[in-house]
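Below is one structure, written out as structure tokens; the observations come after it.
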Amino acid sequence: MPQRAKEEVSAWEWVAAGLGTALLLAAVGFLVHQGLTLEDGPPHIVLQVDSVHPGPGGYVVEFTARNEGGTTAAGLLVEGELQGGSGPPETSEVTIDFVPAEGERKAGLVFAADPRRHPLRLRAKGYDEP
Amino acid sequence: MAERVGADRTLAVGIARAFGGAIFFSLPLLMTMEMWWLGFYMSRWHLALFMVFILPLLIGIDHYSGFEETSTWREDVVDALVAYAVGFVAATGILLLFGVVGADTPRAEAVGKVALQAVPASFGAVLASSQLGGGGEKEKGRKERAGYAAELMFMVAGAVFLAFNVAPTEEMILISYLMTPWHALALLAVSVLLMHAFVYAVDFRGQHVVPEGTPPWSLFLRYTVPGYALALLVSAYVLWTFGRLDGSAWTEMVKHIIVLGFPASLGAAAARLIL
């Protein structure tokens, strides 16, 4: 380890010091800005179907759960309801571990009937605080 | 240090020591279930890139404190590759022993699990002699001449090692969900101060002596601040590797990075003392 009596400081060390300081100040500035402006309302979940894939076990509906609220939703329960022709609607559900504030997560639901030929409704039923 | 009976014996002792280090340093991760899951679901590209990224660090650590008394960079490269091989064999052995990987594990899954675990194991293999063995005189001399770039490299290595140890767990993400931006700001300040104190203030073995005529703020700006910046970059890279930043807003990403940056920065500081 360096134990020199008198240190020779190269220009590169000051370049590294400058870059490091810039990154540090950027992080601090960003956090202060977020701290002052962020609103922490409840999670506001928007569900959107991305694609439907026929598979051997049924039809897989891939969807995105986007949280437009200011707090993270944990254990978000999403239910999909597929209206059949005459009988009761077919339902499937999934629990998503976390949907971060202003973030999104992808998940899937499986149905026996073809969701492209019947009306499909997705609904967020409940969540928990992390 | 054992008497040098013959080159073969020296090599055998070196390899045995490397295995010891590989198992010792990677055991916490070998026993973490998120690591097994990541082995099959993480992006193959991210995994491959990470395995390449780690190689220059292994070579660098080996150059300053490796498991053989090497002198040229070429030998350091060979040593680092041997450490990688040791890491692979050790990780395979332990995962087989735990039954995490077996004859009926799909091949792609087994390869992913072993490859991911080989990274910390190979780190351990390289660290083995510098920490568990008696270093030769030559190593000490080289370490004392370690320049500024080498100090930064030590910090990156330390940050990668500690960040990698905790990044796979769900808790890393959960902690930042519990924090407000103000918590994150406080954690950032604590990380930087602890980092500086670790190296210069609390009398650990290997503490750095402040050279005469150098004001403390100069060391803080030239070592601690760039070190913390590197710890944050390492933290971001490790989180990205494990897909922990996917689908998150900027605020959440920055919080994740600062939470993982805490152990990473302490790893960086500790590496300056130990390596």
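Only the coordinates and a few stated rules stand behind these numbers; no lab work does. None of these values were measured; they are calculated from a predicted model. Cβ placement follows ideal geometry from the backbone for every residue including glycine, while neighbour counts extend to all protein chains displayed.
May I ask for the Kirkwood hydrodynamic radius of the range B:5-48, worked out over all distinct Cα pairs and given in angstroms to one decimal? So the Kirkwood estimate lands at 12.8 Å. On a 0 to 90° scale, report how tilted helix A:11-37 is relative to the longest principal axis of chain A, with both axes built from alpha carbons and the result rounded to the nearest 10. Approximately 40 degrees, to the nearest ten. Label zone of A:ARG116 (point 7 Å out along Cα→Cβ, amide N under 16 Å): in the range A:33-61 this covers A:49-61.
Two numbers describe the Cα atoms of the protein assembly as shown: Rg and Dmax, which are 25.1, 89 Å.
Would you mind ranking A:GLU104, A:GLU39, B:GLU151 so that the residue whose beta carbon has the fewest other beta carbons within 10 Å leads the list?
Values: A:GLU104 18, A:GLU39 8, B:GLU151 22.
Ordered from fewest to most neighbouring Cβ atoms within 10 Å, A:GLU104, A:GLU39, B:GLU151 come out as A:GLU39, A:GLU104, B:GLU151.
Quick note on the range B:137-240: its Rg to Rh ratio, both from C-alpha atoms and Rh being the Kirkwood radius, is 1.02. Within chain B, the ratio Rg/Rh, alpha carbon atoms throughout and Rh by Kirkwood, equals 0.99.
As a calculated quantity, the FRET efficiency between A:VAL94 and B:ALA249 at R0 = 22 Å, using C-beta atoms, amounts to about 0.50.
Note that the range B:32-44 has calculated 3J(HN,Hα) couplings of 10, 5, 4, 5, 5, 5, 4, x, 9, 9, 5, 4, 5 Hz, one per residue in order, obtained from phi through the Karplus relation 6.51 cos²θ - 1.76 cosθ + 1.60 (θ = phi - 60°); glycine and proline are x.
So how do A:GLU13, B:GLU212, B:GLU109 line up by other beta-carbon neighbours within 10 Å, fewest first?
Working: A:GLU13 21, B:GLU212 9, B:GLU109 14.
Going from least to most buried by this count: B:GLU212, B:GLU109, A:GLU13.
Starting from a Cα-only point model with no solvent, please compute log10 I(q)/I(0) by Debye for the range B:31-114 at q = 0.12, 0.15, 0.19 1/Å. After summing over all Cα pairs, the log10 values are -0.44, -0.65, -0.89. For the protein assembly as shown, the Cβ-based charge dipole about the Cα centre amounts to some 660 debye (Lys, Arg positive; Asp, Glu negative; other atoms uncharged).
So what's the back-of-envelope 222 nm ellipticity for chain B, counting only DSSP H runs of four-plus at -39500 (n - 2.57) apiece and dividing by all residues, rounded to 500?
Values: 12 runs with 208 residues, N = 275.
Taken over chain B, the calculation gives -25500 deg cm²/dmol.
Comparing B:GLY158, B:GLY243, B:GLY102 in a Gaussian network model of chain B, where Cα atoms under 10 Å apart are tied by springs, the biggest mean-square fluctuation is seen for B:GLY102. Ranked from largest, the principal axis spans of the Cα set of the range A:42-122 equal 40, 23, 17 Å. The sum of -39500 (n - 2.57) across all DSSP H runs of n ≥ 4, divided by the residue count of chain A, sets its helix-only mean residue ellipticity at 222 nm to -7500 deg cm²/dmol. Across the range B:14-29, coupling constants 3J(HN,Hα) worked out from phi with the 6.51/-1.76/1.60 Karplus curve, θ = phi - 60°, read x, 5, 4, 5, 4, 5, x, x, 4, 6, 4, 7, 9, 4, x, 7 Hz, and Gly and Pro carry x.
Given contacts defined as C-alpha pairs under 8 Å and at least six residues apart, what's the relative contact order of the range A:2-130, whole-number percent? Walk me through the numbers before you get to the answer.
Details: 234 pairs, mean separation 32.0, N = 129.
Averaging sequence separation for qualifying contacts and normalising by length gives 25 percent for the range A:2-130.
The label point for A:GLU8 and the one for B:THR72, both projected 7 Å from the Cα toward the Cβ, are 2.7 nm apart.
As a proxy for reagent exposure, ranking B:ARG17, A:ARG117 by other Cβ atoms within 10 Å from fewest up yields A:ARG117, B:ARG17.
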